[in-house]
Amino acid sequence: MTDATGTGGGADLDGLRAWAHVIYGLHTASVVIGASSAALVVTAFVFGLPSIIAVVLGYVKRGEARGSWLESHFRWQIRTFWFALLWCLLGSLLFVTLIGIVLAVPVWIATGVWVIYRVVRGWLALKDGKALP
């Protein structure tokens, strides 16, 4: 097992680190698509092909990272996707009610900001070789 500073582990962790970068890149692509199109950031993140590919890759690579500091990154990426989906669905449920429409859009916007925060924080921690909580 390596420490949270990213030392040790050799080529195995270098390959996993590269995969973690790829996954953050795919998530970022979904965020950019959502920010630059008619879609909301959260809907592009949850339903966009780059993020769906990213979460599948996260599940595939998480087992290889077990016991290392990189495991926290794969867990962070996977949880970001599923919690964004949960909040997106909650906003959708609010939207179908007449009273909830007023709350749905702020829920979607807040979730989009949260997704951006999670992707940026995670990618910066990966760059610095730090584990995530």
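The values are calculated or read from the model by the stated rules, or taken from the named source; none is laboratory data. Everything numeric in this text was worked out from a predicted model, so none of it was measured. For neighbour counting, all protein chains shown are included, and Cβ atoms are generated from backbone atoms with ideal geometry for every residue, glycine included. What goes into the accessible areas is simple: the full protein's heavy atoms, side chains included, and nothing from ligands, DNA or RNA. Shrake-Rupley method; radii C 1.70, N 1.55, O 1.52, S 1.80 Å.
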Net charge near Lys127 (other residues with Cβ under 13 Å of its Cβ; Lys, Arg +1; Asp, Glu -1) is +2
Please compute the contact order of the chain in relative form: average sequence separation of alpha-carbon pairs under 8 Å and at least six residues apart, divided by the residue count, as a percent. 31 percent
Over region 29-105, what is the mean sequence separation of C-alpha contacts under 8 Å (at least six apart), divided by residue count, expressed as relative contact order in percent? 21 percent
Between region 10-61 and region 102-132, what is the separation of their alpha carbon centroids in Å? 12 Å
Which of (i) 114; (ii) 90; (iii) 100 is the computed volume of the Cα convex hull per residue in Å³? It is (ii)
Label point distance in nm, Phe95-Arg66, each placed 7 Å from Cα along Cα→Cβ: 3.8 nm
Sum -39500 (n - 2.57) across every DSSP H segment of at least 4 residues in the chain, then divide by the residue count to get the 222 nm mean residue ellipticity, nearest 500. -26500 deg cm²/dmol
The chain, accessible surface, carbon-and-sulfur percent (1.4 angstrom probe): 74 percent
Can you tell me the accessible area per residue over the chain, all protein chains present, probe 1.4 angstrom, in square angstrom? 53 Å²
As an exercise, use a Förster radius of 22 Å and the Cβ-Cβ distance of Lys130 and Phe83 to find the FRET efficiency, rounded to the nearest 0.05. 0.55
